[in-house]
Amino acid sequence: MKKTNIIPFPGTVQPNTKQNGTGSIYRLRVELEEIEPVIYRVLLVRGTVGLDFLHAILQVAVGWTNSHLHKFNIGDSEYSDPEFNLNEDAFEGQKLVEDVAIVNLSEVAPRKGFQFKYEYDFGDSWEHRITVEDILPDNGTLAGFAECIEGKRACPPEDCGGTGGYADFLDTISDPEHEEYEFMLKWVGGAFDPEAFDSKKVNRFLKKIKWEHPTVDQLAKVLMERDAIRAGWRRRRRSGSRVRRQSDR
């Protein structure tokens, strides 16, 4: 049988794949740490999805562009993409970062109330606290693999300098008399509303994540369509992203 990267529709069984957590729906609350008022999303996610798939869900739902490195911190273990080579400088006896694709959500988050971290961009260091608010039986109402049922506020702009830089950015664009007001507005694309959030748009693009192990290019296609970015600019950004990914480390 030819192996495919397309996930079978929920409820079907694909040969030689893990089925742990089949029938379980996780209610996850995702909060960006050290930002007030809080930026958060509440997601329904199937327990069978891998952490690499969860990474794609978080990029779409929070609003990031997958332009930097990422990792999950769960208990005393870390999970990331092996292509990042995070174990390259590991010293003897150090616990190695594990492959993000080898475990699914139900294996690493076994109970209600469990918390773990997702870090995106090792330079700006955006820390997301993820809380399992509930583990629900599958009653057939979740269409697809993830849905955003609640959220508040916009994702910070990429490369704005982390939580401190974001606070400075908001102060600047809220003050027309600030010397960097026009520069910052131009940098961010002309306008930025920190209170903006559209769950319907998020869900429209969550449905487009259909691969068991999403590749960088597959996820980029979804994110670029979400952000309505032209193909030419996309190619330039992807080229620049490789430089930024190296600077994350």
Counting other Cβ atoms within 10 Å of each Cβ, which GluC sites (Glu not before Pro) in the stretch 45-133 have at most 10 and sit in a DSSP loop? GLU88, GLU92
Quick one: order GLU177, GLU31 by neighbouring beta-carbon count within 10 Å, fewest to most. GLU177, GLU31
Measuring from centroid to centroid over Cα atoms, what is the spacing of the stretch 156-235 and the stretch 83-105 in Å? 29
Using mean Cβ contacts within 10 Å as the protection proxy, how do 65-73, 211-219, 135-143 order, highest first? 65-73, 211-219, 135-143
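Where a number appears in this text, it was derived from the coordinates with a stated rule and is not lab data. Not measured: the values here are computed from a predicted model. Don't worry about glycine lacking a Cβ; one is built from the backbone with ideal geometry, like all the others, and counts go over all protein chains shown.
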